[in-house]
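Structure first, then comments.
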Amino acid sequence: VLSDELFGAPPVGAAGPDAGGIQHGVEISDQGWFHAESNRREQEQLASIHLQHLCKAVDEQQMAGFCPDARWTNDPAVFPDLELRGTVTSNGITPFPPHDQQFFVRGIYDPNKSKLREIAIPSHCPDDKGNSTWVRLHDFAQHADACHLFDETSPHKTHLGRIRQGALDNGYFVEALQVISLRPKLARQLFHCWNSRRSIYVARLFKHGTWMRVELDDFVPVGAPSRDGSDGNAPICCRSEFFPYVLWPSLIEKAYAKIHTLRGHHSEITKEDRGGWEALSGGGRVEEALADLTGGVAGRFSTSDVTADRLFLYIYELQREALFVGRVHQSKCEANRVRLNPYYPNVVNRAAVYEGRPFIQLFCGGIGVYDGGLQDIGVPYGLLHCKDYPETAAEGFFWVSAMDFHAYFDTIFECRLVNSGDVSISGMPPPRMPFQMPPVGEDSEMSFGGPGTKVATPTGAFAQLEGERHVDGLGGHVPFYEWVFANPGEVGASNEPEFTVRVPDHATPCEIVASVEQVDPRMLQKTSQRRSPAAILVKVYELVEGQNLFSNELICKSNWLPIRDSMVVFNVVQGGEFKLVVEFPDLASKVNRMIFRCYASKPNVHVTAAAATFRHSLVISPEPPKAQKMSFVGCTNLERLENTWTPESLDEDHDCLRKPEFDIDTGWKELKEEFQRDCVLM
C-alpha cells in the first residue's frame with residue numbers, strides 16, 4: 001500500500017525528525033563525492049621515520065655545539081629544517097615555534113576583542129615587543145629525567161589519574177581527556193612514538209575523516225602568577241594530577257592546538273599564521289573532542305528520554321567499546337540536596353551487576369570524593385571492596401545505583417570506539433562483538449590498514465568502495481570495516497546527499513555506525529567569534545521493494561542540533577538496502593565541504609555516496625523491519641520539543657561544565673550601582 005509521503009531533500013520548513021519531505025525536482029549530475037583513501041598505515045610509518053631523523057639531527061646539533069640541552073625545538077629558525085615533507089595523503093613536519101603568534105587567533109593579543117581570561121594570556125617574561133617566553137614542560141620538574149609521557153611505575157593500573165583544566169575555557173576538552181585517561185590502552189594510542197629525553201613527541205589525532213600525525217616539542221605558553229603570590233607561573237594548558245612527572249595531557253592539548261592553527265604555508269613560518277590555542281577556548285562540544293581524539297563516532301542523548309533499566313543495560317553492554325561522559329542534573333541535585341560536583345568531569349568507568357542489582361561506577365575529576373552521599377546509602381559494602389574492581393574512592397571513583405544515575409545525571413555523551421580495538425580494563429564483561437580475522441583471500445594490505453589498492457576516483461554522481469580493515473595501535477584487529485567519503489564543494493538543501501548501505505543476508509547480523517560531519521569552525525577561526533555549525537539531520541530508511549520504495553517506518557535518526565557531527569547506529573538483522581538521507585532545516589543552510597564515515601561489523605557490505613537526484617516514495621511495509629536502532633542518540637522524546645519541524649537549540653553559554661561565574665548573582669552589579677546613586681542623592 002503506497003502512502004502519500006515522499007522523502008529526500010524537503011522544501012523549506014518541511015524537514016522534521018520523524019517525517020519525510022518532498023525532494024527537489026532539479027537533477028544533480030555532478031557533486032564530487034569521492035572515496036578518501038585511508039592514511040592510517042602511512043602515518044604510522046612516517047611517524048617512526050621522522051622520529052629517527054629528528055633524534056639523529058638532535059644528536060648532530062649537540063655534537064656541533066648548537067644544541068647544548070640535546071632537545072628538539074619545532075622552529076626552523078632555531079633548529080634546521082630537515083625537509084620532511086610527507087606524502088600526497090600525509091602531512092610533513094609543520095613548524096610550531098614557541099611564539100605568541102601561534103597562540104592568538106589574530107596573531108597578536110587584542111584586549112578589545114579577545115575573550116580570553118586574564119590568566120589565559122601568555123605573560124611570562126615578555127620581550128620588548130610584548131611576546132612572552134614559552135617554557136619547556138620538563139623545566140617545571142626538579143630534574144629533567146624525572147619527566148615521562150606516561151607513568152611507567154604502575155603498568156597494570158586501570159586508570160591514569162585526574163586531568164586538571166588549565167587557564168583556557170576548554171572544559172569540554174578536559175572532559176574528553178578525562179574519560180580517555182580511564183582507558184590506559186586508549187590513552188597510549190594518542191601517540192605514535194616519542195623520545196622524552198630529546199623532547200620529541202609524535203601525537204596521533206583524527207580530523208575530518210583522516211589521521212593527523214603531529215610532531216611536537218615540549219614548549220608551552222605560561223601565564224602570570226596569582227595576584228597574592230601563592231601560585232607561581234604555571235602552564236596555560238591542562239595538566240595531569242601527576243604533573244610535571246606525567247606529560248601526556250599537556251602535550252595532547254598542544255597537539256590539538258597545533259592542528260587548529262591556520263597556516264600561511266605548510267612548512268614555513270609566515271605572518272599569516274594564526275594560533276590554535278585561543279581557538280580551543282570559548283567552550284565546545286564534548287562529542288566533537290572525543291571523535292577527534294579517538295577516531296570514534298560520538299553523539300549525545302538525555303536520560304529523560306530513556307528508562308533507568310534500559311540505560312543500565314545499554315552502558316553495561318557497550319562499556320568495552322564505547323566511552324560515556326555524564327553531566328550532573330543540577331536542578332534535581334539541588335532539590336534533593338545531592339552534592340555531586342558539576343564543576344569537574346564526571347565520567348562512567350564501568351557498569352556491573354552485584355547481588356542481582358545494577359550499579360554504575362563513576363569517576364569525578366575533582367580533588368576529593370564527590371559521590372553526593374549516594375554511595376553510602378545505596379551501594380553494598382561488598383561491592384565497594386570487591387577485588388574485581390580495584391579503583392578506590394581516594395582516587396576519585398564511586399558507585400551509584402542505576403536508578404540514582406538515571407535520576408541525578410542529565411546529558412550523556414557517548415563515543416563508539418570504531419577505530420580503537422579492545423581498550424577495555426579488567427573486570428568488564430566479555431566482548432559483545434568478537435574481534436574477527438579478515439576473511440580468507442582478502443587483500444592483506446587492505447585488511448590491515450595499509451594504503452590499499454582499491455581506491456575510487458571522484459565519480460560525480462556517486463562513489464563506491466568496499467570497506468577497509470585496520471589494526472589498532474596494540475596490534476589487535478579493529479572489529480569494523482571503514483568507509484570515508486568526502487565532498488570538497490558546497491553542500492546544502494539544493495544538493496542534499498544520500499548514502500546507501502547494502503548488507504547481504506550472509507553478513508547479518510551486522511552493526512552499522514555512521515556519521516555525517518562538517519568542517520570544524522575552529523579550523524578557520526580568525527577572530528574570537530566562531531561560526532556555529534549547521535543543524536544537520538540524518539534519517540535511515542529501509543528499501544522495501546522495487547527500485548525506489550522505502551518503508552515509512554524510520555529505522556533511526558540522528559540528533560537535530562547545531563553541532564558538527566550527526567551520528568546514527570543501527571543493527572541489520574536481515575539482508576537489505578538502507579538509505580541514509582541528509583536534511584537541512586531550510587534552503588539558506590549550507591556547509592562548505594562534508595565528510596561521511598561509515599563502519600560495518602561484517603565484511604562484504606557495500607556503501608555508496610551520492611547527491612539526491614530524485615524523489616523516494618514511502619510505503620507501508622507488510623513485513624517487520626530488517627534493522628533496528630542501536631543507540632539512544634537521536635531518540636528524543638517529541639513531547640518535550642516545542643516544535644518538531646525545526647532543530648533543537650543549545651544553550652551556548654551553559655552547554656558545558658558549571659563555571660564559578662555561574663554562581664555570581666548577575667543582579668548584584670545593578671543593585672550596587674543603584675545603591676551608590678541613592679547615597680549620592682542623600
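Descriptive notes on the structure:
- Cα gyration tensor, the chain - rounded (a/c under 1.5), prolate or oblate: rounded
- Taken per residue, the accessible surface of the chain reaches 42 Å², heavy atoms only and a 1.4 Å probe.
- The listed residues E577, E253 rank as E577, E253 when sorted by accessible area, largest first, using a 1.4 Å probe.
- Converting phi to 3J(HN,Hα) with the Karplus coefficients 6.51, -1.76 and 1.60 and the offset θ = phi - 60°, the stretch 159-166 yields 7, 10, x, 7, 10, 9, 5, x Hz in sequence order, with x at every glycine or proline.
- Inter-label distance, D128 to R615: 7.4 nm, where each label sits 7 Å from its Cα along the C-beta direction.
- Taking a Cβ cut-off of under 14 Å around H138, the surrounding Lys, Arg, Asp and Glu residues balance to a net charge of +1, with basic ones at +1 and acidic ones at -1.
- Per the Debye calculation on the stretch 100-245 with a single equal scatterer at every Cα and no solvent contribution, log₁₀ I(q)/I(0) for q = 0.10, 0.11, 0.13, 0.16 Å⁻¹ amounts to -0.40, -0.49, -0.69, -1.05.
- Relative contact order [Cα under 8 Å, 6+ residues apart], the chain, whole percent: 19
- When only the Cβ of Lys, Arg, Asp and Glu is charged (+1, +1, -1, -1), the dipole of the chain relative to its Cα centre reaches about 700 debye.
- MRE, 222 nm, helices only [DSSP H, n ≥ 4, -39500 (n - 2.57), over the chain, to nearest 500]: -5000 deg cm²/dmol
- With a simple spin-label model that places each label point 7 Å from the Cα along the Cα-to-Cβ direction, the separation between K526 and R106 comes to 1.3 nm.
- Residue (of G166, N131, L182) at the positive-pole extreme of the stretch 70-220, dipole from beta-carbon charges: L182
- Inverting the pair-averaged 1/r between distinct Cα atoms of the stretch 186-339 gives 18.7 Å as its Kirkwood hydrodynamic radius.
- Percent of beta bridges antiparallel (DSSP, the chain, rounded to nearest 5): 95
- Using a Förster distance of 51 Å, the FRET efficiency for H654-S154 (Cβ separation, nearest 0.05): 0.85
- Of all accessible heavy-atom area on the chain, the percent that carbon and sulfur account for (1.4 Å): 52
- Of the GluC sites (Glu not before Pro) found in the stretch 32-106, the ones in coil according to DSSP and having at most 10 other Cβ atoms within 10 Å of their Cβ are E83.
- Gyration tensor (Cα) of the stretch 292-417, equivalent ellipsoid semi-axes in angstrom: 20, 18, 15
- Cross-link check: pairs K129/K258; K115/K590; K207/K659; K185/K207; K115/K526; K115/K258 evaluated at a Cα-Cα cut-off of 25 Å; pairs beyond the cut-off: K115/K590; K207/K659.
- Solvent-accessible surface of protein heavy atoms, probed at 1.4 angstrom with all chains present, puts F584, F140 in the order F140, F584, largest first.
- Global form of the stretch 544-595, assessed from the alpha-carbon gyration tensor, a/c cut-off 1.5: prolate
- Cα-based convex hull volume of the stretch 502-598 per residue, rounded to whole Å³: 115
- In this structure L524 has an accessible area near 90 Å², from a 1.4 Å probe over the protein heavy atoms.
- Annotation: extensible slack from K271 through Y381 equals 33.4 nm (criterion: 0.36 nm per residue apart, minus Cα-Cα distance).
- A straight chain from C635 to D81 at 0.36 nm per residue would run longer than the Cα-Cα distance by 194.3 nm.
- Neighbourhood net charge (12 Å Cβ-Cβ; Lys/Arg +1, Asp/Glu -1) for L251: +1
- Full extension of the chain between M428 and A335 gives 30.1 nm of extra length, using 0.36 nm per residue less the Cα-Cα distance.
- Shape category assigned to the stretch 304-349 from the gyration tensor of Cα positions, a/c cut at 1.5: oblate
- Charge dipole (Cα centre; +1 on Lys/Arg Cβ, -1 on Asp/Glu Cβ; no other charges) of the stretch 618-657 amounts to roughly 460 debye.
- Seen from a random direction on average, the alpha-carbon convex hull of the stretch 248-340 projects onto 9.3 square nanometres.
- With Cα atoms as the point set, the stretch 574-617 shows a radius of gyration and Dmax of 13.7, 39 Å.
- Per-residue SASA entry for T73, accessible area with 1.4 Å probe, Å² rounded to 10: 10
- Between A224, V568, V538, the Cα set farthest toward the positive side of the dipole of the chain (charges on each charged residue's Cβ, about the Cα centre) is that of A224.
- Label point 7 Å beyond Cα of F242 along Cβ direction - residues of the stretch 177-192 with amide nitrogen under 18 Å: 177-191
- The chain: DSSP helices with Cα axial extent of at least 30 Å and average Kyte-Doolittle hydropathy no lower than -0.5: none
- Using a Förster distance of 22 Å, the FRET efficiency for R188-I367 (Cβ separation, nearest 0.05): 0.30
- Local net charge near P625, Cβ-Cβ under 10 Å (Lys/Arg +1, Asp/Glu -1): -1
- Computed with every protein chain present, the accessible area of R564 is close to 10 Å² [probe 1.4 Å].
- Per residue, the convex hull volume that the Cα atoms of the stretch 87-156 enclose (Å³): 221
- Which of E482, E355 is most accessible, then next, and so on - probe 1.4 Å: E355, E482
The values are calculated or read from the model by the stated rules, or taken from the named source; none is laboratory data. None of the values given here were measured: they were computed from a predicted structure. Positions of Cβ are generated from backbone atoms using ideal geometry, with glycine treated the same way; all protein chains shown enter the neighbour counts. Just so you know, the surface numbers come from the protein's heavy atoms only, side chains and all, with ligands and any DNA or RNA stripped out. Shrake-Rupley method; radii C 1.70, N 1.55, O 1.52, S 1.80 Å.
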